[in-house]
Amino acid sequence: MREVRTSKAARVHQEVLREGCLYVDREEGLLSMSVIRLFNADCLPALKAMPDRAFDLAIVDPPYFSGPERREFYGRRVSSIGVSRLYRKSDRWDLPTLEYFTELQRVAVHYIFWGCNYFNFPFNSGRIVWDKVNDSSSYSDCELAATNIFDHVRVFRYMWNGMLQGESATNGTKMQGNKKLNEIRIHPTQKPVALYKWLVTNYAKPGQTILDTHLGSGSIAIACHDLGFDLTGYEIDKEYFEAAKERLERHQRQETLPFTERPVIQQEAFL
C-alpha cells in the first residue's frame, strides 16, 4: 500500500512539473518538498472520484450547524469591547451527511473530525479536546474532534477569544502580548494555525499526505506549508477560497526561509 501511495505522489509531482506550477529556487535550483493543492470545488464529488486510502490523514472542520452563514456574524455582532465581528453571508454552507463521512473514511487512512458532538456518525472512540482558555466568555470553553488514530483523549490548550490569542502552540495558555502578531479573522469559524501545527506535528509522519475537505480560512494550509507536508484542500465558497489562497500567498511572501518556495496550485477538480 505504501508503494502505491508513493508512486501516486510521484505522478502528482510530475503532473505539476509539466504544468509549470512548481516553483524552483532561483539560486540553488532545488524543488520544494511539499505541495499545497487548493480547489474551489464541492468536496463530495471529489471524494467519490478518489481511490481508497488516497491520503494518510484527513483533518476536517465542516459546518456544525446552520446560522452563522446567514446572519453575517458568529456569536455576538459586536464584542464586549466594541470590536465588530461581521462576516459576509455565505452562498454555500452545507452540513456534512453520512455519505460524506463514509467517503472520508474510505479515502483517508486516519481522520480528525472537528465538531463530532454535533453529528450522529459512527466515529471511533478517540477524542481531541481543544481548550480555548476563554472561561470568562460566552463562547464554548472547548471544541471536540473525533479520531481513529488512538482510543483515548488528548487535550490542546490554546487561547482563542477575539483579540485574546495564545502566544504559541507550546505556550498557548499565555496571551500574545503583541496584538500585531495576532491572526486576522477572515472566516466565522476560523481555527488558529497553532492548532493545526500541533495536530500535524503530533499525528502526521514526515512524508504523509493530508486532506482537508473544508478549507475555510486556510489555517491548515499555512501549517502544512511551514511544516513541509503535502496538502489537498477543498473550499466550495468562491470568496472564502480566494481569501484563504491570498492569506497563504501573503504568508509565503513574508517568509525569509532559504532554498525552497512552496506552491499554491489552483484547479477546479480532483485529477
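Every read-out reported here was derived from the displayed coordinates using simple, explicitly stated rules and does not represent laboratory data. Please read all numbers here as calculations on a predicted model, not as lab measurements.
Going down the list K180/K205; K179/K238; K132/K197; K132/K180; K174/K205, which pairs span over 22 Å between their C-alpha atoms? Could the numbers behind the result be given before it?
Details: K180/K205 32 Å; K179/K238 29 Å; K132/K197 16 Å; K132/K180 20 Å; K174/K205 28 Å.
The answer is K180/K205; K179/K238; K174/K205.
For V133, the residues whose amide H sits under 5 Å from its own are Y158, ignoring neighbours fewer than 5 places away on the same chain, with H placed 1.01 Å from N.
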